[in-house]
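S.K.: Please read through the structure below; I'll follow up with questions.
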Amino acid sequence: MSDSSEYVPPKVWKWENESGGKFANINRPIAGSTHDKELPEGKHPLQLYSLGTPNGIKVTILLEELLALGHEGAEYDAFIINIGEGEQFGSGFVEINPNSKIPALLDKSTDPSTRVFESAAIMLYLAEKFQEFIPNEASARAECMSWLFWQMGSAPYLGGGFGHFYAYAPEKFEYPINRFAMEVKRQLDVLDKNLSSRQYLCGDDYNISDIAVHSWYGSLVLNNIYESAEFLDVASYENVVRWAKEITDRPAYKRGSRVNRPWMSDGIAERHDSTDLD
Ligand SMILES: N[C@@H](CCC(=O)N[C@@H](CS)C(=O)NCC(=O)O)C(=O)O
């Protein structure tokens, strides 16, 4: 890679060199499958193909919350998709997510089966299917959608921007780290101000927007991603820390956040039965 002070972009970008850094081996500028591979299927109505990243655990936490409320239809098989090995480019996975990113869900209880990709779409699909963790009243629902889509729009600045340049890039570049640290701190302040007068993001009730936002920003302030708690002074966002800890204490959070996480001491690679987490 050339020094940033010398780099002059060519007229037409070409895919020539690996950019370096973590995950460089899986980045490619084309879509579609790279190899034939059918997806395994388990016995439950819902088949989840995922990995325990912040985007992945949103879904397993919601499923465990639904099961905790007694919704048997939320029983699921969670298969692991190892994105570091390029399994997201297998033909079976690409059929249910043409965007080749985890998480992806197949609902076999419908005829034909329903595929859903994009974590917020999956959460919304499940919340509507079971009529839980989503308000019915129009303005409360709009508030929930606003925070849910706030997360989807904001987290790429945290993960793809700040996290990439602070934790994964092959060298520390001051310009992008400053640019994205500034934006992430602004986002934390947005959350902190909102949570100064509310227990949860939308008020008194915990809903899918809390699960989605917590998986990124809760993890950030609890220093579970990027080891940047000191650098970003996350302790100063006291309301976010209070909210994050409260959610982390929920039994369903504790269960769901262990799924598809073989690298954690109490994590499990796959989940096919509720006893897998007992
Ligand atoms: N907007 C997507 C983002 C999903 C995403 O970026 N997933 C990452 C893991 S957290 C992934 O599968 N990366 C594999 C790749 O980029 O090839 C969502 O929320 O579902």
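S.K.: Select from the range 162-200 the residues that are aromatic (Phe, Trp, Tyr), out of contact with any Pro (no Cβ under 8 Å at 6 or more places or on another chain), farther than 30 Å from GLU143 by Cα and assigned to a helix (DSSP H, G or I) and list them in ascending order.
M.R.: Listed by number, the residues that qualify are TYR166, TYR168, TYR175.
S.K.: Let me ask something else about it. Pick from the range 131-153 the residues that are within 12 Å of the ligand (Cβ to nearest atom) and surrounded by fewer than 20 Cβ atoms within 10 Å (Cβ to Cβ): which of them is nearest to CYS202 (Cα to Cα)?
M.R.: PHE149
S.K.: Suppose we filter the range 40-62 for residues that are away from the ligand (no atom under 15 Å from the Cβ) and either in a strand (DSSP E or B) or of a type outside the set (Gly, Ala, Ser) (or both); how many remain?
M.R.: Qualifying residue count for the region: 7.
S.K.: Looking for whichever is more than 16 Å from the ligand (Cβ to nearest atom) and either of a type in the set (Ser, Thr, Tyr) or in contact (Cβ under 8 Å) with a residue 40 or more places away in the chain (or both) here; the options are GLU128, GLU87, GLU75. Which one fits?
M.R.: Unique residue meeting the criteria: GLU75.
S.K.: Among the numbered criteria (1) more than 18 Å from GLY21 (Cα to Cα); (2) without any contact (Cβ under 8 Å) to a residue 24 or more places away in the chain; (3) crowded, with 18+ Cβ neighbours inside 10 Å, which one does PHE165 miss?
M.R.: Exception for PHE165: condition (1).
S.K.: Can I ask one more? Look through the range 6-46, keep the residues that are at pLDDT 85 or above and of a type in the set (S, T, N, Q), and return whichever of them is nearest to PHE130 (Cα to Cα).
M.R.: SER33
S.K.: Could you list, in sequence order, the residues of the range 216-239 that are within 21 Å of the chain's Cα centre (by Cα) and not in a helix (DSSP H, G or I)?
M.R.: Residues satisfying the conditions are LEU222, ASN223, ASN224, ILE225, TYR226, GLU227, SER228, ALA229, LEU232.
S.K.: Then there's this: Give the number of residues within the range 235-276 that are exposed (fewer than 13 other Cβ atoms within 10 Å of the Cβ) and closer than 13 Å to GLU65 by Cα.
M.R.: Residues meeting the conditions: 3.
The values are calculated or read from the model by the stated rules, or taken from the named source; none is laboratory data. Source: prediction; values computed, not measured. Positions of Cβ are backbone-derived with ideal geometry, glycine not excepted, and every protein chain shown enters the neighbour counts.
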